[in-house]
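As structure tokens, the structure follows; a few thoughts come after it.
The values are calculated or read from the model by the stated rules, or taken from the named source; none is laboratory data. Quantities reported herein were computed from a predicted structural model and do not represent experimental measurements. Every residue, glycine among them, receives a Cβ derived from its backbone with ideal geometry; neighbour counts consider all protein chains shown. Areas reflect the complete protein model, heavy atoms only, side chains present, ligands, DNA and RNA absent. Shrake-Rupley method; radii C 1.70, N 1.55, O 1.52, S 1.80 Å.
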Amino acid sequence: MGAWFETVAEAQRRAKKRLPPSVYSALLAGSEKGLSYDDNLAAFGLLGFAPHVAGSSGTRDLSTTVMGQTIDLPVLISPTGVQAVHPDGEVAVARAAAARGTLMGLSSFASKPVEEVTAANPRTLYQTYWMGDRDAMVRRLERARAAGCVGVIATLDWSFANGRDWGSPTIPEKLDLKAMLRFAPEGLRRPRWLADFARSGKLPDLTAPNLAAPGGPAPTFFAAYYEWMQTPPPSWDDVAWLRAQWDGPFMLKGISRVDDAKRAVQAGATAISVSNHGGNNLDGTPAPIRALPAVADAVGHEIEVLLDGGIRRGGDVAKALALGARAVMIGRAYLWGLAANGQAGVENVLDVLRGGLDSTVLGLGLSAARDLRPDDVLVPPGFTRALGVDAAP
């Protein structure tokens, strides 16, 4: 089997073969019955295209501008937590994003320090949650600023759902001797994954170094998660305060309602991501592509609107752009690539999406991805979900 793969689906198949079952299951995730996770993927399949057959441009421009940065492809790396799928983790992903001319989103729950990631890709967006006290939040943003991050992503859509009908993986708090003995059978069944870490001389890191207190050790993932759970959720005044602590591009991630999108504008955000946290949050939340048109129509003239959720091919990117997104963000897709072939696998995923977007723009008779419009897409009756319109301020 060659290292190169032609679709994200093939990357996922290879990731499943390479990763220990508990690690793969953690990436698959979802919540409760999996309604939102399933809808994120299925909704794109309900949309069609209206192609032309002549008069197409010989070259296509896929570039755009997001968060003050010109990027070669309207696909950003979405922040995802502890990437124990490969020894190089977020650093490999950052290098791949830099090689393909796009932005890297770094989770505050990442396994690599922000300084290492910005060294690999100076165009890094630091993602934060409303967790801990205000002094701790300011310290994290100051560290991100000192490391050279070019923007901030504040993620708001999390309700701490903790059950899955198909079962959740058992993840240790740390890899001590007891945990290693327990998970040894899984690792031995995946010798290539085990060999990657053996060659690196490192064990999978289950800590969150970017959440460490000054001079203190990195907390474990679960210790950090507990702190987050114990922090009262923010008000819109809190969101405005957080935005005021960062003097640059600031994205709010997790919007699905028009009223929330308008409040994000009022709070001073420069971008929003229409997202349901990959179907990992409140199950039954519609797929982002269903909520996107109403949100983009309401605030797209005031703020950059992105979509995050369900992107698996370049045609999906085109559909999102046509319905109002400036760009999309990907999560599981690049994690499958990272698991399958490290940095090269992430680059492969971005190339797959680039190729699919280019061919879609060609088929629609356009010369640039930014020219995609709603009438390029066939939207079935009842497809969209205009949430929070009547409650909009």
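Computed from the C-beta positions of Ala3 and Trp236 and an R0 of 56 Å, the FRET efficiency is 0.75 to the nearest 0.05. Considering only Lys319, Lys16, Lys202, give the residue with the highest GNM mean-square fluctuation for the chain, with springs between Cα atoms whenever their separation is below 10 Å. It is Lys202. Using a Gaussian network model of the chain with C-alpha springs under 10 Å, which one of Gly309, Gly331, Gly163 is most mobile by mean-square fluctuation? With Cα springs under 10 Å in the chain, the top fluctuation among Gly309, Gly331, Gly163 is at Gly163. Only helices enter this figure: runs of n ≥ 4 DSSP H residues, each worth -39500 (n - 2.57), summed and divided by the residues of the chain, yield -13000 deg cm²/dmol at 222 nm to the nearest 500.
Would you mind working out the accessible area per residue for the chain, using a 1.4 Å probe, and quoting it in Å²?
Details: 16230 Å² over 393 residues.
Per residue, the chain has 41 Å² of solvent-accessible surface.
When the C-alpha to C-alpha distance is required to be over 30 Å, the pairs from Lys33/Lys253; Lys112/Lys319; Lys33/Lys112; Lys17/Lys112; Lys16/Lys202; Lys112/Lys262 that qualify are Lys112/Lys319; Lys33/Lys112; Lys112/Lys262. Build a GNM of the chain with springs between Cα atoms under 10 Å apart, and of Ser31, Ser256, Ser275 the one that fluctuates most is Ser31. Summarising the label geometry, the points placed 7 Å from Cα in the beta-carbon direction at Arg182 and Leu378 lie 5.1 nm from one another. What does the charge add up to near Ala94, with Lys and Arg as +1, Asp and Glu as -1, over the other residues with Cβ less than 13 Å from its Cβ? That works out to -1. Applying a DSSP loop filter and a limit of 16 other Cβ atoms within 10 Å to the GluC sites (Glu not before Pro) in segment 289-351 leaves Glu302. Counting only protein heavy atoms and using a 1.4 Å probe, what share of the accessible area of the chain belongs to carbon plus sulfur, as a whole percent? That fraction is 53 percent.
Given a Förster distance of 51 Å, report the FRET efficiency between Ala223 and Arg370 from their Cβ-Cβ distance, rounded to the nearest 0.05.
Details: r = 44 Å, r/R0 = 0.86.
With a Förster radius of 51 Å, E is 0.70.
Charge tally for Thr384 (other residues, Cβ to Cβ under 14 Å; Lys, Arg +1; Asp, Glu -1): +2. Separation of segment 28-78 and segment 116-145 by C-alpha centroid, Å? One Cα centre to the other: 27 Å.
Given [x] 63, 53, 41; [y] 71, 56, 44; [z] 56, 47, 36, which label gives Cα extents along the principal axes in Å as computed from the coordinates? The calculated read-out lines up with [x].
Need one number: % antiparallel among DSSP beta bridges in the chain, to the nearest 5.
Working: 6 of 35 bridges.
Around 15 percent of the beta bridges assigned by DSSP in the chain are antiparallel ones.
What order do you get for 109-119, 368-378 when each peptide is scored by the mean count of other beta carbon atoms within 10 Å, highest first? Provide the component values of the computation, followed by the final result.
Working: 109-119: 21.0, 368-378: 16.8.
Per-residue mean Cβ counts within 10 Å order the peptides as 109-119, 368-378.
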